[in-house]
1. From the residues in the stretch 399-416 that are open to solvent by 10 Å² or more (accessible area, probe 1.4 Å) and more than 15 Å from the ligand (Cβ to nearest atom), which one is nearest to Asp492 (Cα to Cα)?
2. May I ask you to list the residues in the stretch 164-208 that are surrounded by fewer than 17 Cβ atoms within 10 Å (Cβ to Cβ), part of a strand (DSSP E or B) and in contact (Cβ under 8 Å) with a residue 60 or more places away in the chain?
3. Search the stretch 78-96 for residues that are within 10 Å of Glu415 (Cα to Cα) and pair each with any residue that is in a strand (DSSP E or B) and away from the ligand (no atom under 15 Å from the Cβ) when their beta-carbon atoms are under 9 Å apart and the residues are at least 6 apart or on different chains.
4. So is Ala281 at pLDDT 95 or above, closer than 28 Å to Ala328 by Cβ, under 22 Å from the mean Cα position of the chain (by Cα) and open to solvent by 10 Å² or more (accessible area, probe 1.4 Å) or not?
5. For the stretch 214-236, indicate whether the set of residues that are touching a helix residue (DSSP H, G or I) at 6+ places or on another chain (Cβ under 6 Å) and under 30 Å from Tyr431 (Cα atoms) is non-empty.
6. Count, please, the residues in the stretch 79-101 that happen to be farther than 13 Å from Ser416 by Cβ and away from the ligand (no atom under 16 Å from the Cβ).
7. Do you know which of the residues in the stretch 101-114 that are surrounded by fewer than 22 Cβ atoms within 10 Å (Cβ to Cβ) and in contact (Cβ under 8 Å) with a residue 60 or more places away in the chain is farthest from the chain's Cα centre (by Cα)?
8. How many of the residues in the stretch 423-440 are closer than 16 Å to Ser462 by Cβ and either more than 11 Å from the ligand (Cβ to nearest atom) or of a type in the set (Phe, Trp, Tyr) (or both)?
Amino acid sequence: MLDAYGVKVSRQKTLGGYKAGKEPYVMAKFFEGESHTFSEYLLVPGYSSAENIPANVSLKTPLVKFKKGEEPALSLNIPMVSAVMQAVSGPRLAIALAQQGGLSFIYGSQSAEDEAQMIREVKSYKAGFVVSDSTLTPDMTLAEVLELKEKTGHSTMPVTADGTSYGKLVGIVTSRDYRPSRDDITKKVAEFMTPVDEIISAPETTTLKEANDIIWNNKLNALPIVDTSGYLVSLVFRKDYDSHKSAPNELLDASKRYLVGAGINTRDYETRVPLLVEAGADVLCIDSSEGYSEWQARTLKWIRQTYGDSVKVGAGNVVDAEGFRFLADAGADFVKIGIGGGSICITREQKGIGRGQATSVIDVARARDAYFEETGIYIPICSDGGIVYDYHMTLALAMGSDFMMLGRYFARFDESPSNRVNVNGSYMKEYWGEGSARARNWQRYDLGGNKRGLSFVEGVDSYVPYAGPLKEGVEGSLLKVKSTMCNCGALDINELREKAKITLVSATSIVEGGAHDVLLKDQHQQVSYNFRS
Ligand code: RVP
């Protein structure tokens, strides 16, 4: 039946909100209250005892669901995971983050074979043995070497016959081999590298301790490890040995390999998941900007039917209790929260969907607790996107998040896969959204099923200020998180939730919270202040 406008009455429910006859039919559901972001909240300190010092704080947190009274099969030592993004989660960052106690989800916007190879790289990583990602060929020029050094920040680069990181070793280049201001930049690597017959190298059977002794005894900065035919296997750096010794939180599996996760989508899971599982991925995550969908339920169902509970898989993203419940019932091992809050994300502008990140976390955390009460199953939740200041992490935890996923934050570090570039005299790293034109040929912005071609950009391509090594950045941020927890009288995340007192702040009090009504003396101070962490 058609109405006066020629529209089928059965479709009117969704089109006009009126029944045939034009009586009011149904109103949209309105959430009570506004939706808020982290910056609109502060923590009010509670009593802190002499025990409340950062050194006593544990940030251990569950990664996957568990039954009341049992231990989760996987936990994190720090509540941070890196975003499932091309510009963020490659093998190098995964290793650096696992060394600090967190976990990366290798991006799924690449072929399943390439993704599985990245997983293998992390799982086969022997602490201290680095597979070079800046390898030279003998016929490259000094100009190209300088460009690579600028991009990666690496000053020691192996030279192989074919330029691959597993090629026949022919030499090594360090910054002591050239003088950028005086040498001809068209000079070939072969002319200034230290050739292989003058290099001290070691066989594959070398232990880290032995490698370190060789480095010390010969005053080396790096030791190439080669196989019996002279092909490069890895490099041991003096600085990595030190950093391995100072990684008490590292996140290891039962065979002492680093834990690593992998992003999947709702289209090719039947072929991708087996490759990732075979490669050794410890946990999977369905990566989509909109998780409350039949496609996710189908993906979860297939994984459960194929692997039972042995393959752990998170799902998302959702922003309310209803979405959480759906994914919980569908079998998700953890649920990710957040639509449109990511720094590079323009989903809210493009589609008008989303919700303030803090409000979403609070709502979903309540649903998670209700689910636990009802079923005895605790499903961890992850606040994904929109963490700008370090204190946002503390707020996310206090509001009920079990861990956080961060993109911009990790993209800034040396170990992220993106290029480092010099923009007007300052080092920047490139950072682009998975829904940006740059990444979207892989359709992370999962439209569900096979609806390829129906797409528009939901993300931007950008720069973020370069922030040095991950270890220093993460340690600095977590020290702040721990000291705020101490101010709340909490020594772990559960205690923080119990004791946290959270207040909404007015727009004017946000201004009051920064340096105000003074002229900063140091311009750099102003700049770093604006760039946040
Ligand atoms: P942020 O940490 O604020 O940079 O946000 C990272 C998150 O943003 C990701 O984990 C993902 O949920 C979301 N994202 C990634 N790409 C895009 C996009 O192109 N819109 N959004």
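1. Within the stretch 399-416, the match that is nearest to Asp492 (Cα to Cα) is Met399.
2. Across the stretch 164-208, the qualifying residue is only Lys168.
3. Arg92/Val130; Ala94/Tyr258; Ile95/Val130; Ile95/Tyr258
4. Considered against the rule, which asks whether it is at pLDDT 95 or above, closer than 28 Å to Ala328 by Cβ, under 22 Å from the mean Cα position of the chain (by Cα) and open to solvent by 10 Å² or more (accessible area, probe 1.4 Å), Ala281 comes out as yes.
5. Taking the stretch 214-236 as the starting set, the residues that turn out to be touching a helix residue (DSSP H, G or I) at 6+ places or on another chain (Cβ under 6 Å) are 215, 221, 223, 236.
Among the residues that remain, those that are also under 30 Å from Tyr431 (Cα atoms) are: 236.
Yes; the residues of the stretch 214-236 include at least one that is touching a helix residue (DSSP H, G or I) at 6+ places or on another chain (Cβ under 6 Å) and under 30 Å from Tyr431 (Cα atoms).
6. Matching residues across the stretch 79-101 total 4.
7. So the residue we want is Glu113.
8. Of the residues in that region, 9 qualify.
The values are calculated or read from the model by the stated rules, or taken from the named source; none is laboratory data. Bear in mind the structure is a predicted one, so any value in this text is a computation, not a measurement. Here the Cβ is made from the backbone with ideal geometry for all residues, glycine too, and neighbour counts use every protein chain on show. Surface accessibility is based on the protein's heavy atoms, side chains included, excluding ligands, DNA and RNA. Shrake-Rupley method; radii C 1.70, N 1.55, O 1.52, S 1.80 Å.
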